[in-house]
Amino acid sequence: MGSVPWYDGRDGMYSWIWRHLPGNGWVKALLSLVLVIAVVYLLFQYVFPWAEPLLPFNDVTVDNQ
Amino acid sequence: MRSSVKGRGNVAATTDDTEQHDDGPAAPPPAARRRMGPVVAAVSVFGELLITAGLVLGLFVVYSLWWTNVVADRAADQQADKVRDSWAQGPGGDGDGPVSFDSKDGIGFLHAPTMSGDEILVEKGTSMKVLNDGVAGYYTDPVKATLPTSGKKGNFSLAAHRDGHGAKFHGIHKIEKGDPIVFETKDTWYVYEVYGILPETSKYNVQVLSPVPKESGKEKAGHYITLTTCTPVYTSKYRYVVWGELVRTEKVDDDRTPPEELR
């Protein structure tokens, strides 16, 4: 009752994630690493290939459009 | 839920503090529990979002300039091996028979020793899907390229990436007038000499692909080659164009001895 169970209004989203990972410090660190790798994988595999053609960095041809 | 919890913090204590009065004295929060008001919490989350955005943009740079090269070089190597294999397996270059075009597998290799030491596989088309495999593509649109293997006069126009996706034309600015560009097919080396360079032109300038590229100073039909890519480096604002003209052709011998320009 005295402590707030899931959010106590003192931190941002990253420490929120950290506190909600199970296990001790090492397990949390390992899980964080897995999360980071998963996010990077999703970005490289899906998000960036999708975003790249929308950005004007890599058009190499001449055309009349 | 979030806001009601925050509402019990010090800043907004007046809104919802009855509960706090009840159990506050009985169970005082630990000293470390410094609570934020809604404004501070919002700023904090906003800051973390900015950090996240910065990391994502940084990763995008890594992706564009490094990872796409890894993927593209892998794809290009595989396809190049396939082409080399099919050349090796095919009937020996005994006659002037029509060169087999596997439009999907690539038609030959481009060598531009002053630009890069690598051979660049040439495939059909200049769509991103083709070029992202780390190859050079010959134009089919808006101006159709004339392939040197056809023997006809015209312009063999090519495009490739300047950065990322193999960055095959990254060093295009190193090419100078008089430099050789060699196109290798199964049976023949086509040796071109660079005679014209346009360091910056509009991306709508399709005239550079014409069978007789007037902008390069040529008036008569001939066997030309045109390399296009984007410029300045890391952007796509303009196009960089290099023109060459066929000097001679050389038969490929059994050892595939390269012409002297490549030695």
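The test for being surrounded by 15 or more Cβ atoms within 10 Å (Cβ to Cβ) and over 20 Å from residue B:240 (Cβ atoms) does not hold for residue A:27. Within the range A:1-39, take every residue that is of a type in the set (Gly, Ala, Ser) and under 21 Å from residue B:51 (Cα atoms) and give me the one that is modelled with the lowest pLDDT. Ranking the qualifying residues of the range A:1-39, first place goes to A:9.
Residue-level analysis places residue B:166 outside the set of residues that are at pLDDT below 95 and not assigned by TED's automatic domain parsing to the domain that holds residue B:239. Looking across the range B:130-157 at every residue that is hydroxyl-bearing (Ser, Thr, Tyr) and in a loop (DSSP other than H, G, I, E, B), the one that is farthest from the chain's Cα centre (by Cα) is identified as B:146. Taking the criterion of being away from chain A (no Cβ under 11 Å), over 27 Å from residue B:129 (Cβ atoms) and of a type in the set (Phe, Trp, Tyr), would at least one residue in the range B:147-160 satisfy it? Within the range B:147-160, not a single residue is away from chain A (no Cβ under 11 Å), over 27 Å from residue B:129 (Cβ atoms) and of a type in the set (Phe, Trp, Tyr).
Condition check ((1) within 25 Å of residue B:78 (Cβ to Cβ); (2) touching a residue at least 40 places away in the same chain (Cβ under 8 Å)) across all residues:
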| site | (1), (2) |
| --- | --- |
| B:109 | yes, yes |
| B:114 | no, yes |
| B:142 | no, yes |
| B:147 | yes, yes |
| B:152 | no, no |
| B:159 | yes, yes |
| B:176 | no, yes |
| B:182 | yes, yes |
| B:187 | yes, yes |
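Total residues in the range B:130-163 satisfying the condition of being of a type in the set (D, E, K, R) and either surrounded by 20 or more Cβ atoms within 10 Å (Cβ to Cβ) or modelled with pLDDT under 90 (or both): the figure is 4. Here is the figure for the range A:40-64: residues that are more than 9 Å from chain B (Cβ to nearest Cβ) and under 16 Å from the mean Cα position of the chain (by Cα) total 4.
The values are calculated or read from the model by the stated rules, or taken from the named source; none is laboratory data. All values derive from a computational prediction rather than experimental measurement. With ideal geometry, Cβ positions are generated from the backbone for all residues, glycine too; neighbour counts draw on all protein chains shown.
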